[in-house]
Amino acid sequence: MNAIGRILLIAAYAVLGLAATGRSVVQITTKLADAPLPYLVSGASALLYVLIAVALWRGWRRVAIVGTAVELVGVLVVGTLGYAAPELWPDETVWTGYGSAYGWVPLALPVIALVVLLRGGRRAPDDAVSAPTA
Amino acid sequence: MGIYSAGIYPAVLVVSALVVVLGGVTMAWIRAHRVLEWAVTALWSATGVQAIAVVVLLLSGNDAGLVLTIGYLLATIVILPLMGIGRLGAPDAAAADPDPNRPVLQPDQIARVDGGAAVIVGIAAAVLAWRIAVILGAA
């Protein structure tokens with residue numbers, strides 16, 4: 001995995017983590033009883049984004065791959081359930097509509113991250129995300 | 001409110017757009033990095049002015065939700081340092097970190113990272129400015 005891609009993914013996950021954390025903290029602390037499932041999903045997604053950002057930074061490749069895979073599954077499941085069972089979702093989450101409120105970045109980012117991580121893994125089969133280049 | 005909605009808010013959007021464009025240009029052509037640095041400084045300044053204006057509006061009796069508005073405002077400020085994330089890969093910075101997985105970047109790579117980070121932060125700054133304007137009733 002090249003260093004530029006890795007650092008840009010860290011920046012993207014940091015921004016998304018900040019957005020999701022802010023949203024979920026407000027939702028969970030002020031109106032959790034109104035829609036517990038969506039707000040807890042938002043909280044979980046926020047934690048996941050922060051975990052992935054840290055994993056990318058620290059070079060925890062397996063954690064980053066599992067985290068992005070879980071994120072992708074979460075976006076697809078929540079996005080689909082939002083249409084198939086709308087009664088479960090009285091309010092929106094970060095992943096509602098496959099992340100449409102965030103410009104579909106929550107859907108695109110794990111795909112990009114998985115491609116970059118898995119390609120990087122084939123090139124450098126060690127456990128690190130990327131080795132120092134100098 | 002007039003100064004904010006007619007001057008400061010549009011200025012933040014324009015500077016954010018400039019940062020996004022220059023970030024993209026820098027990723028392709030690293031000699032634009034110097035110009036990007038000026039735009040980044042401009043975004044810091046515009047964000048500072050925006051923060052002061054929003055606080056003044058809140059203190060002057062705007063009925064916007066305080067928690068949300070301050071939250072978005074803090075987020076706007078917190079994301080700005082990400083535009084310098086490339087510096088963390090500079091050889092001297094990396095040498096001070098015992099982590100063997102820390103990336104070490106060459107100057108051209110730092111410029112490209114700064115360009116990419118500028119694209120991400122510029123978009124986020126524009127979205128946050130828009131959300132603040134909506135909450136304040138200026139957009």
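Assorted remarks:
- Atom-type composition of the exposed protein surface of the protein assembly as shown places 72 percent of the accessible area on carbon and sulfur (1.4 angstrom probe).
- Average beta-carbon neighbours from other chains, 10 Å sphere, peptide B:83-89: 3
- Positive minus negative residues near residue B:31 (Lys, Arg vs Asp, Glu; Cβ under 15 Å): -1
- Peptide ranges B:112-121, B:69-78, B:92-101, B:28-37 listed from the most packed, as the mean C-beta count within 10 angstrom indicates: B:112-121, B:69-78, B:28-37, B:92-101
- Rounded accessible area per residue of chain A, 1.4 Å, Å²: 47 Å²
- Positive contributions from Lys and Arg (+1) and negative ones from Asp and Glu (-1), summed over other residues with Cβ under 14 Å from the Cβ of residue B:67, come out at +2.
- For the pair B and A, total buried accessible area rounded to nearest 100 Å², probe 1.4 Å: 1900 Å²
- Label positions at residue B:14 and residue B:1, each projected 7 Å from the Cα along the C-beta direction, are separated by 2.3 nm.
- Computed FRET value (nearest 0.05) for residue B:67 with residue B:31, which takes r as the C-beta separation and R₀ as 45 Å: 0.55
- Cα gyration tensor shape for the protein assembly as shown, rounded if a/c is under 1.5, else prolate or oblate: oblate
- Every helix of 4 or more DSSP H residues in chain B counts as -39500 (n - 2.57), and over all residues that averages to -23500 deg cm²/dmol at 222 nm.
- Here the peptides A:8-15, A:80-87, A:102-109 are ranked by packing, the mean other Cβ count within 10 Å, and the order with the highest first is A:8-15, A:102-109, A:80-87.
- Along region A:47-63 the Karplus relation, 6.51 cos²θ - 1.76 cosθ + 1.60 evaluated at θ = phi - 60°, assigns HN-Hα couplings of 4, 5, 4, 5, 4, 5, 4, 5, 4, 5, 5, 7, x, 7, 5, 5, 4 Hz to successive residues, with x for each Gly and Pro.
- Shielding of peptide A:96-105 by partners, expressed as the average count of other chain Cβ atoms within 10 Å per residue Cβ, is 1.
- Dividing the helix sum by the residues of chain A, where each DSSP H run of 4 or more adds -39500 (n - 2.57), gives a mean residue ellipticity at 222 nm of -25000 deg cm²/dmol.
The values are calculated or read from the model by the stated rules, or taken from the named source; none is laboratory data. Treat the numbers as computed from the prediction; the structure is a model and nothing was measured. Using ideal geometry, Cβ is built from the backbone for each residue, glycine included, and neighbour counts are taken over all protein chains shown. In case anyone asks, the SASA skips ligands and DNA or RNA and just uses the protein heavy atoms, side chains included. Shrake-Rupley method; radii C 1.70, N 1.55, O 1.52, S 1.80 Å.
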